[in-house]
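Visitor: Pasting a structure here, questions to come.
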Amino acid sequence: MTLEIKVGATIDVGYPFVRESISLFGEAAIMTWRPGTRFEPVPPDDTRSFADAIGAMVLTIVSIHRPGKFPTRVFYTRRWRGPDGREFGKNNLHVRTLGYFKALCRGYRYDFEVKGAA
């Protein structure tokens, strides 16, 4: 599959999520999804990166520019879709070089295991 990078494209990238407990303003703790992984000890003396489930990072390309002799830049927004299907995240504008953006579209850059997956 070829990644088509053009203005207006929306790219869903599989991304690891962990389940966490948070408390909001003194209220009871609630369970929520956080993008990323957590490190856990693995006997005898090592650690590994684990996720509880796979969600998505949703990238929307706003603009693509090549400023003079400098590398091409991709302007994009990023949202998260948790494993439960709920979308969240700020609608901030991000900018990266085309090479970095392509690497971002390949998914989580570090090795991890999904906890409970065989």
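The values are calculated or read from the model by the stated rules, or taken from the named source; none is laboratory data. Since we're looking at a predicted model, the values are computed, not measured. Here Cβ is always computed from backbone atoms with ideal geometry, including for glycine, and neighbour counts include all displayed protein chains.
Visitor: Would you confirm, using the coordinates I've provided, whether residue 60 is touching a residue at least 12 places away in the same chain (Cβ under 8 Å), surrounded by 13 or more Cβ atoms within 10 Å (Cβ to Cβ), closer than 21 Å to residue 111 by Cα and among the polar types (S, T, N, Q)?
Guide: Answer is no for this residue.
Visitor: How about segment 1-24: which of its residues are within 30 Å of residue 73 (Cβ to Cβ), at pLDDT below 90 and not polar (S, T, N, Q)? Lay out the reasoning, then the answer.
Guide: Filtering segment 1-24 down to residues within 30 Å of residue 73 (Cβ to Cβ) leaves 1-17.
Applying the additional criterion that residues be at pLDDT below 90 yields 1-4.
Hits for segment 1-24 are 1, 3, 4.
Visitor: Of all residues in segment 89-110, which are surrounded by fewer than 15 Cβ atoms within 10 Å (Cβ to Cβ) and either of a type in the set (S, T, N, Q) or free of Cβ contacts under 8 Å to residues at least 40 places away in the same chain (or both)?
Guide: If the condition is that a residue be surrounded by fewer than 15 Cβ atoms within 10 Å (Cβ to Cβ) and either of a type in the set (S, T, N, Q) or free of Cβ contacts under 8 Å to residues at least 40 places away in the same chain (or both), then 89, 90, 91, 92, 93, 94, 95, 97, 99, 100, 103, 109 are the ones that fit.
Visitor: Taking the stated definitions as given, is residue 71 within 14 Å of the chain's Cα centre (by Cα) and modelled with pLDDT of 95 or more?
Guide: Working: within 14 Å of the chain's Cα centre (by Cα): no; modelled with pLDDT of 95 or more: yes.
Against the criterion (within 14 Å of the chain's Cα centre (by Cα) and modelled with pLDDT of 95 or more), residue 71 does not qualify.
Visitor: Identify all residues within segment 88-118 that are small (Gly, Ala, Ser), more than 15 Å from the chain's Cα centre (by Cα) and either in a strand (DSSP E or B) or under 14 Å from residue 12 (Cα atoms) (or both); write none if there are none. Spell out how you get there, then give the answer.
Guide: Taking segment 88-118 and keeping what is small (Gly, Ala, Ser), we get 89, 99, 103, 107, 116-118.
Now drop any that are not more than 15 Å from the chain's Cα centre (by Cα), which leaves 99, 116-118.
Hits for segment 88-118: nothing passes.
Visitor: Within segment 25-65, how many residues turn out to be under 17 Å from residue 80 (Cα atoms), among the polar types (S, T, N, Q) and either at pLDDT 95 or above or not in a strand (DSSP E or B) (or both)?
Guide: 2
Visitor: Go through segment 2-28 residue by residue and tally those that are exposed (fewer than 12 other Cβ atoms within 10 Å of the Cβ) and of a type in the set (Phe, Trp, Tyr).
Guide: Number of matching residues: 1.
Visitor: Tally up the residues in segment 75-88 that are surrounded by fewer than 14 Cβ atoms within 10 Å (Cβ to Cβ) and not basic (Lys, Arg), please.
Guide: Filtering segment 75-88 for residues surrounded by fewer than 14 Cβ atoms within 10 Å (Cβ to Cβ) gives 84-88.
Then drop every residue that is not not basic (Lys, Arg), which leaves 84-85, 87-88.
The qualifying residues number 4.
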